[in-house]
Amino acid sequence: MSMKMKKAGLATKYKFNIRKPVSLISTYQLSIATTEKILRSSMKSVGISDSDQIIKRNQPAIGLLTKEIIETKLEVKSIRSLLERRTSKFEGLTEYDQHFINTFAKVAAISFAEYFSQGKTKPVELNQTILHLSAEADLYREPKSKYCYPMGKEQSRHQIIKYLIGKGYQATPDIRTATGANSDSSIRSAIMKINAKAKHDLKIVKLIEGRRTDGYRINPKYRIFLK
């Protein structure tokens, strides 16, 4: 009974329905449920596997975070700075190093900005194809029986995908160092094979995209969740 009363109290205390004029759209709404959904999705996308427990343990803090996001400027930089400050204090998240928290905050800030840009009447839709990378190194999308690329846990291609998840462009030498590859050319060759296999097995185009001056990243059209 006390748990139900506690939850009801939190819902009352942190129930927001605030309207505020912003550029391009007239109004927006943000609820705790939406904040939790974005945080959970962003944590999973950068490899934080216990996101559900982290969300559950930090409900009051997430209520305050929701209020602060509503009150801050709707800019990725502002929201990311806020997320880095607040979520680094989350119970269960402090075990991760600062770089990991910053990467998660970057992904989450972009998701919040995309939510706000859609206006209050639309759900959170990032217009991305959702992929999953299993512990057995199967890269797939639903239905798995139809779209699955078995990468092999010890393969360098699997390590490249894992390293790029949740990051922006990464220089080829950095990818080589992180994955233990023999050379930059072997990284480039592996990425070409990844894209070819993803096209054949997953029916998606250019999973990893590259720039000559910046390196490689996961194509923003796709979001990979670790299973």
For the range 129-226, just say rounded, prolate or oblate: build the C-alpha gyration tensor, square-root its eigenvalues into a ≥ b ≥ c, call rounded for a/c under 1.5, and beyond that prolate if a/b exceeds b/c, oblate if not.
prolate
Would you mind calculating the gained length between K199 and K221 on full extension (0.36 nm times residue separation, minus the Cα-Cα distance), in nm to one decimal?
6.5 nm
Taking K and R as +1 and D and E as -1, what net charge do the other residues with C-beta under 9 Å from the C-beta of P150 add up to?
-3
Cβ crowding within 10 Å averaged over residues, with 204-216, 103-115 ranked highest first:
103-115, 204-216
Give the peptides 44-57, 171-184 in descending order of average Cβ contacts within 10 Å, highest first.
44-57, 171-184
Express as a percent, rounded to the nearest 5, the fraction of DSSP beta bridges in the range 129-226 (both residues included) that run antiparallel.
70 percent
Name the shape class, rounded, prolate or oblate, that the alpha-carbon gyration tensor gives for the range 127-168, where a ≥ b ≥ c are the square roots of its eigenvalues, rounded holds for a/c under 1.5, and otherwise prolate holds if a/b is larger than b/c and oblate otherwise.
oblate
I need the calculated FRET efficiency for the pair A178 and L64, taking r as the beta carbon distance and R₀ as 41 Å, to the nearest 0.05.
0.70
With a cut-off of 8 Å between alpha carbons and a minimum separation of six or more residues, what is the relative contact order of the range 129-226 in percent?
33 percent
Compute the FRET efficiency between E136 and A171 as 1/(1 + (r/R0)^6), taking r as their Cβ-Cβ distance and R0 = 35 Å, and round to the nearest 0.05.
0.75
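Values quoted throughout were computed directly from the atomic coordinates according to the rules given, and no laboratory measurement underlies them. Computed from a predicted structure; not experimentally measured. A quick note on method: Cβ atoms are made from the backbone with ideal geometry, for glycine too, and the neighbour counts reach across all protein chains shown.
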